[in-house]
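Report on one structure; see the data block that follows.
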Amino acid sequence: MRRRLYFMVPDTASAEQIEDELLLARIEASHIHFLARRNMGLGQLHEANMLQKSDLLHSMGTGLIAGGLTGLVGGVLSYLYTDLGSQLGLSTVPMLALAGALFGTWAAGLVGISIPNSRLKSFEEKINQGQILLMVDAPRGRVHEITEMLHKHHPEAADKGVEPTIPAFP
């Protein structure tokens, strides 16, 4: 289980030093992510990917639930009030619930990929001012150690908190 640590870094030079120290502290590069405004180059820094930048996962989860519930209601109504439901039997309900869940996930994903990540909204102003957001996915047992290391070696990096859980795959 990992926790996501957030820090605002003033410039790319500090960000590069921090990344080097995190790598030396045995945090894998795949768990270190930087996000800057669109026209700002990050050089060799590991930029946040689409799953971290967009609201894709949140939207897909919402679509899964909304589509599944809509399909479930449609399945029940179809079973109770139509001839097709009578012919197919009770299997109509789970089939339509699954179809609704799949469609809801797909449709919401199309929307979510173009929406900025809602969890990063509070950092938007600082990013637009030219600062860089550092996201470190740290093992739960090393959160304090990594936070203290960054406070000690990089006082210019503003600690912006810890997210209690992160998705397993982004």
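The values are calculated or read from the model by the stated rules, or taken from the named source; none is laboratory data. Keep in mind it's a predicted model, so treat the numbers as computed, not measured. Please note: Cβ atoms are built from the backbone with ideal geometry, for glycine as well, and neighbour counts cover all protein chains shown.
Observations on the structure shown:
- Check on S30, of a type in the set (S, T, Y), assigned by TED's automatic domain parsing to the domain that holds R142 and part of a helix (DSSP H, G or I): yes
- Applying the set (1) of a type outside the set (S, T, Y); (2) crowded, with 16+ Cβ neighbours inside 10 Å; (3) within 30 Å of I132 (Cα to Cα) to Q44 leaves exactly one unmet item: (2).
- Note on region 72-126: residues that are within 30 Å of R4 (Cβ to Cβ), surrounded by fewer than 18 Cβ atoms within 10 Å (Cβ to Cβ) and among the aliphatic types (A, V, I, L, M) amount to 6.
- Breaking point among (1) over 27 Å from H144 (Cβ atoms); (2) in contact (Cβ under 8 Å) with a residue 60 or more places away in the chain; (3) charged (D, E, K, R), for D11: (1)
- Single condition G130 does not satisfy, out of (1) under 25 Å from E16 (Cα atoms); (2) of a type outside the set (S, T, Y); (3) touching a strand residue (DSSP E or B) at 6+ places or on another chain (Cβ under 9 Å): (3)
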